[in-house]
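Each reported figure results from applying straightforward, stated rules to the coordinates on display, with no laboratory input. Keep in mind that this is a model prediction, so the values were computed, not measured. When we count neighbours, we look across all protein chains shown, and the Cβ atoms used for this are built from the backbone with ideal geometry, even at glycine.
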Amino acid sequence: MLLLVVMVFAGCNGIRYGPSNAEQQNAYLHHRTAEAAAIKARQDMTSPELQQLANRSSEQTQAFIAYYGLPKELPNTDTVDELLGDDNQEITQEAQLNASQRPDPWEVADGLLELGLGLAGIVGGVYGTKAAKVIVTARQKSKALREVVNGNELFKQDNPEMSDKFKEAQSAQSTSTRKEVAVLKA
């Protein structure tokens, strides 16, 4: 329940999927590209400052690999041509798409409520039964709220000329209700 309360007030923007294989490959590519840039900066005898920046960048990418983990299959990174190749560019584009995905807040809330029901079943007894009733009621209210928000959004899309009147009708909502609806719409 605590997680559900945090989600309602903080939103779901912080909830993300674990890194995909493409994201892991991209982190590895980034590391190898930064290493290659540092080597090239030394070979081309660039300014000491640029060499230091390239070296620092290469060192910093080790944290990305530690965070994301190594991919199942390492991309080809032996040469600069491979690093700059189309295959690795596709990996980067896929990683960018994957990184922007977020779970549906409704699915997260349903999952948390399912977890709560499971825990209530494990606890059992009077407290488990009471907790299960509270969670079932919360699920029903969550479903009803989802339907209302989705219906309102559909109405506004289908009737743009009514948008001002719709907003006026909703103006009596409390600030906390407006915040919750804004989170749910996002």
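The table below gives the values:
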quantity: The chain: relative contact order as a whole-number percent, Cα under 8 Å and 6+ apart; calculated: 27 percent
quantity: About the Cα centre, charge dipole magnitude for the chain (Lys/Arg +1, Asp/Glu -1 at Cβ), debye; calculated: 1360 debye
quantity: Segment TYR17-VAL149, extension gain: residue separation times 0.36 nm, minus the distance between their alpha carbons; calculated: 45.1 nm
quantity: Cα long-axis angle, helix 105-123 against the chain (0 to 90 degrees, to the nearest 10); calculated: 70 degrees
quantity: Rounded tilt (10° steps) of 175-185 against the dominant C-alpha axis of the chain; calculated: 60 degrees
quantity: Dipole of the chain [Lys/Arg +1, Asp/Glu -1 at C-beta], most positive-end residue of SER58, TYR127, PRO71; calculated: TYR127
quantity: Degrees, to the nearest 10: 48-68 long Cα axis against longest axis of the chain; calculated: 40 degrees
quantity: MRE, 222 nm, helices only [DSSP H, n ≥ 4, -39500 (n - 2.57), over the chain, to nearest 500]; calculated: -25500 deg cm²/dmol
quantity: Rounded FRET efficiency, nearest 0.05, which uses the C-beta distance separating GLN43 from LEU119 and R0 of 41 Å; calculated: 0.10
quantity: Globularity ratio of the chain, using Cα Rg and 2.2 N^0.38 Å; calculated: 1.55
